[in-house]
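Enquirer: The following block contains the structure, expressed as structure tokens.
The values are calculated or read from the model by the stated rules, or taken from the named source; none is laboratory data. Just so we're clear, the structure is a prediction, and the values are computed from it rather than from any experiment. As a convention, Cβ positions derive from the backbone with ideal geometry for all residues, glycine included, and neighbour counts pool all protein chains shown.
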Amino acid sequence: MGITIIGAEGSMGRRYSAIVKYLGHKFRAIELDDQIPEKCDRVIIATPTVTHHHIVTECIRSGANHILVEKPLFQDLNEYDFKPEFPCDIRMVCNYAFIDATYSVFEPPTYYDNYYAGKEEPWSNFIQLAGLARGSLVVKEDSPLWKCCLNGKELTLQDVHRSYIMMVEAWLKDPSRLVGVDVAKKWHKKALKWQTEYQSASASKPASVLADSKTRFLQSSGTD
């Protein structure tokens, strides 16, 4: 099985390199400016979101059969509508889907609270939660400590680390268990709409009202 990791020297690239090695597979590590090898079977893309569409296109042209792309899949919604030149299975990172979360409680809560220090749009941090939340979703950017709850289950960093391993293992065996392009686009829309409404309301409403308005949006949208 030929595995290529693009962006292997970045923080996420190093994570995937360690996971693939842990699972007993060899891989080829290349960087953003390197030439994509011909006939690469499986590719993991761990580069900035703005580069994803171009790299996916180049990987398909190089003969890739399966591509796993770091979340979010693409930067802009119109990029999801591209038509690959050749058949290729494209999946978005969705490690939270491999966490055994609690669904038994009525409208289980989901929240994310961590100060925002990234270079990309904040919505990209909680796109998975927007897609997987069965009840309310509240997002804050206040805490210096990472706090996350998925459908009533308080997550630990060990839960997250383990979920990445389970996800990559599933992708290598059965990629259909991961989020495809169509579902990734729906999650993208949910997260982007959440952020747009939050920013629009933030100038005139207190935090409690903001949380309530966002909760209504996600409850009414449901999970696709």
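Table: residues versus (1) under 16 Å from the mean Cα position of the chain (by Cα); (2) in a loop (DSSP other than H, G, I, E, B); (3) in the same structural domain as Ile19 (by TED's automatic domain parsing).
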residue	(1), (2), (3)
Asp142	no, yes, no
Arg162	yes, no, no
Leu172	no, no, no
Ser176	yes, no, no
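Enquirer: If you don't mind, another one. Output the number of the condition that Ala64 fails; it satisfies all remaining conditions of (1) in a loop (DSSP other than H, G, I, E, B); (2) under 23 Å from Cys148 (Cβ atoms).
Expert: If we test Ala64 against (1) in a loop (DSSP other than H, G, I, E, B); (2) under 23 Å from Cys148 (Cβ atoms), just (2) comes out false.
Enquirer: If you don't mind, there's one more thing I want to ask. Determine whether Leu129 is closer than 20 Å to Asp182 by Cα, in contact with a strand residue (DSSP E or B) (Cβ under 9 Å, 6 or more places away or on another chain) and not in a loop (DSSP other than H, G, I, E, B).
Expert: Answer is yes for this residue.
Enquirer: Here are Ala18, Ala64, Ala8: which of them is modelled with pLDDT of 95 or more and of a type in the set (Gly, Ala, Ser)?
Expert: Selected residue: Ala18, the only one of Ala18, Ala64, Ala8 that is modelled with pLDDT of 95 or more and of a type in the set (Gly, Ala, Ser).
Enquirer: Only one residue in Thr156, Thr110 is surrounded by fewer than 13 Cβ atoms within 10 Å (Cβ to Cβ), among the polar types (S, T, N, Q) and either modelled with pLDDT of 85 or more or under 30 Å from Gly2 (Cβ atoms) (or both), so which one is that?
Expert: It is Thr156.
Enquirer: What's the number of the only condition in (1) of a type in the set (D, E, K, R); (2) farther than 26 Å from Arg162 by Cα; (3) in contact (Cβ under 8 Å) with a residue 24 or more places away in the chain that Glu58 fails to meet?
Expert: Condition (3) is where Glu58 drops out.
Enquirer: Only one residue in Glu38, Glu9, Glu85 is assigned to a loop (DSSP other than H, G, I, E, B) and within 20 Å of Asp182 (Cα to Cα), so which one is that?
Expert: Glu85
Enquirer: So, one more: Only one of His25, His52 is surrounded by 19 or more Cβ atoms within 10 Å (Cβ to Cβ) and either in the same structural domain as Gln75 (by TED's automatic domain parsing) or over 20 Å from Val181 (Cα atoms) (or both); which?
Expert: Of His25, His52, the one residue that is surrounded by 19 or more Cβ atoms within 10 Å (Cβ to Cβ) and either in the same structural domain as Gln75 (by TED's automatic domain parsing) or over 20 Å from Val181 (Cα atoms) (or both) is His52.
Enquirer: In the stretch 8-22, which residue that is under 24 Å from Gln75 (Cβ atoms) and out of contact with any strand residue (DSSP E or B) (no Cβ under 7 Å at 6 or more places or on another chain) is surrounded by the fewest Cβ atoms within 10 Å (Cβ to Cβ)?
Expert: So, considering only residues that are under 24 Å from Gln75 (Cβ atoms) and out of contact with any strand residue (DSSP E or B) (no Cβ under 7 Å at 6 or more places or on another chain), the one surrounded by the fewest Cβ atoms within 10 Å (Cβ to Cβ) is Ser11.
Enquirer: Based on what the data block shows, is Ile30 over 26 Å from Trp187 (Cβ atoms), touching a Lys or Arg at 6+ places or on another chain (Cβ under 9 Å), touching a residue at least 12 places away in the same chain (Cβ under 8 Å) and of a type outside the set (Lys, Arg)?
Expert: no
Enquirer: Then there's this: Looking for whichever is part of a loop (DSSP other than H, G, I, E, B), touching a strand residue (DSSP E or B) at 6+ places or on another chain (Cβ under 6 Å) and under 22 Å from Lys173 (Cα atoms) here; the options are Lys71, Lys26. Which one fits?
Expert: Just one listed residue meets the conditions, Lys71.
Enquirer: Follow-up question, since we're still on this one. All but one of (1) surrounded by 18 or more Cβ atoms within 10 Å (Cβ to Cβ); (2) among the aromatic types (Phe, Trp, Tyr); (3) over 23 Å from Thr51 (Cα atoms); (4) modelled with pLDDT of 85 or more hold for Trp146; state the number of the condition that does not hold.
Expert: Here Trp146 clears every test but (1).
Enquirer: Identify all residues within the stretch 33-54 that are free of Cβ contacts under 8 Å to residues at least 40 places away in the same chain and among the basic types (Lys, Arg); write none if there are none.
Expert: Lys39
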